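Engineer: The following block contains the structure, expressed as C-alpha cells.
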Ligand SMILES: NC(=O)c1ccc[n+]([C@@H]2O[C@H](COP(=O)([O-])OP(=O)(O)OC[C@H]3O[C@@H](n4cnc5c(N)ncnc54)[C@H](OP(=O)(O)O)[C@@H]3O)[C@@H](O)[C@H]2O)c1
C-alpha cells in the first residue's frame with residue numbers, strides 16, 4: 001500500500017510503498033477513503049508539541065473507510081462496512097485505568113508508548129489496522145460523503161467532554177475557545193445535545209457573528225478584552241441563565257488567566273470540563289481558588305478524547321439531523337500531496353473548515 005511516513009521530526013513526510021498491515025485476532029483492516037488533517041499537524045510533525053510519538057510512523061489521527069478484513073472475534077462487522085476508525089486506542093489489560101495511545105498521533109506515558117509500538121500507524125495511508133472495537137460503524141454513505149464524515153474526529157472531542165460532564169437538555173453552557181476549531185464544534189455539539197443556550201466568548205468578531213448566523217439565538221457571543229475580571233463579568237451578563245457547565249478547549253498558547261476568567265463563570269454546583277492544550281508546553285499552572293471550588297461545590301472534569309461508545313452515539317445525533325455535517329467546508333488532497341495538505345490545514349485553520357487526505 002501507499003503511505004505517508006514521518007521519519008524525523010522537522011522533515012517532510014515521504015510517500016512510499018510499504019507492506020500492507022497484517023491483522024491478528026482482535027484487529028480489523030480498513031481501506032481509508034478520507035482522513036482529516038488538523039490545523040496544528042505541522043506543530044506535531046516539527047516536534048514543537050512534544051507529543052510522544054515514536055518514529056518512523058505513518059501519522060494521521062482517525063479516518064473514514066471501508067472494512068477490508070475482519071478477525072474471527074468480529075460478530076457484526078462485515079467486509080465493505082463503512083466505519084470511523086476511532087484513534088483512541090485503549091489497552092485491554094488495564095482494568096480500571098487502561099493505557100491510551102492516539103494511533104498515529106501521540107501517547108500518554110510509558111504505557112501508552114508501549115501500546116503505540118503495536119497500534120502505531122495512523123490514517124495517512126491506503127490501509128490502517130485498528131483494534132476491532134475501534135472500527136465504529138457509521139452506516140451507509142457514498143464515497144463522496146466520506147470527507148465530511150471526517151468531522152467526527154473533531155466533533156467527538158467536545159462530545160466526550162459533555163458526556164463526562166453529563167450535560168442535560170435545557171442547560172446553559174459556556175465554551176471557552178468557542179471561536180476555535182474544536183470550540184466551534186463544542187458549540188454545535190452542546191446545541192445538538194439540547195443546551196438551552198451556549199455562551200460563546202472570543203476575540204474574533206467575524207467568527208462570533210458566524211456562530212450566531214449558523215445556530216441562531218441560542219448562541220450568545222461575548223467579546224473578550226483580555227482583562228480577566230471584566231471578561232468574567234461580561235460572560236456572566238451575556239448569559240440568560242446561570243451557567244451550568246463550562247468547557248475550556250483553548251490551545252497551548254493561551255494564558256491561564258484567560259481560561260480562569262471563563263471557568264469561574266460557572267454557577268454553584270456547576271461542572272467545569274478541561275480539554276484544552278493549556279500548560280502542555282509549560283508555563284504557569286492553572287490556579288483556581290480552593291475556597292471557590294469547595295464552597296461552591298464545583299466539579300472539575302479533565303477529559304482526553306471520548307469514551308468508547310461516544311462515536312456510535314454521535315452518529316445517531318447526525319443521523320437524526322440534530323448535527324449537520326454540511327456545516328463543514330472540505331478541501332481534499334491526494335496522498336501524494338500530503339505535505340501540501342499539512343500546510344493548507346495550518347493556513348486554513350478555524351471553525352467548520354476541514355482539510356482531508358483521500359488516499
Ligand atoms: N482534550 C482533548 O481530547 C483534545 C483533543 C484535541 C485537541 N485538544 C486541544 O484543543 C486545542 C484547541 O485546538 P483548536 O484547533 O480548536 O485551536 P484553535 O482553532 O487554534 O483555537 C483558537 C482559539 O483560541 C482562542 N485564543 C487564542 N489566543 C487567545 C488569547 N490570547 N485570548 C483569548 N482567546 C485566545 C481563539 O479565539 P479568537 O480567535 O477569538 O481570538 C480561538 O477561540 C488544541 O490545541 C489541543 O491542545 C484537546
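Throughout, read-outs are computed from the coordinates displayed, never taken from laboratory work. Keep in mind that this is a model prediction, so the values were computed, not measured. Glycine also receives a Cβ, built like all others from the backbone with ideal geometry; neighbour counts cover every protein chain displayed.
Engineer: For the chain, modelled as a Gaussian network with Cα springs under 10 Å, which listed residue fluctuates most, 97, 74, 349?
Structural biologist: Its mean-square fluctuation being the largest, the pick is 97.
Engineer: Relative contact order of the chain, please, whole-number percent, based on alpha carbon pairs below 8 angstrom and at least 6 residues apart.
Structural biologist: 19 percent
Engineer: Which one, 188, 206, 48, has the greatest fluctuation when you compute a Gaussian network model over the chain with C-alpha springs under 10 angstrom?
Structural biologist: 206
Engineer: I'd like to know how segment 317-359 sits against the 2.2 N^0.38 Å rule of thumb: what's its Cα Rg over that expected value?
Structural biologist: 1.36
Engineer: To continue, here is another question. Using the Kirkwood formula on the Cα atoms of segment 155-302, what hydrodynamic radius do you get, in angstrom to one decimal?
Structural biologist: The answer is 14.8 Å.
Engineer: Moving to a separate point now. Within 10 Å of each residue's Cβ, count the other Cβ atoms and sort 325, 335 from fewest upward.
Structural biologist: 325, 335
Engineer: Mind checking Rg over Rh on segment 117-159, alpha carbons, Kirkwood formula for Rh?
Structural biologist: Using Cα coordinates only, the ratio equals 0.97.
Engineer: Please compute, for the alpha-carbon atoms of the chain, the extent along each of the three principal axes and give them in descending order in Å.
Structural biologist: 58, 42, 42
Engineer: A further question follows. Which whole-number percentage describes the relative contact order of segment 155-302, with Cα contacts under 8 Å and a sequence gap of 6 or more?
Structural biologist: 22 percent
Engineer: I've got another one for you. Which of 47, 122, 60 moves the most in a Gaussian network model of the chain with Cα springs under 10 Å?
Structural biologist: 47
Engineer: In Å and on Cα atoms, what radius of gyration and Dmax does segment 1-116 show?
Structural biologist: So, for segment 1-116, Rg and Dmax equal 15.0, 43 Å respectively.
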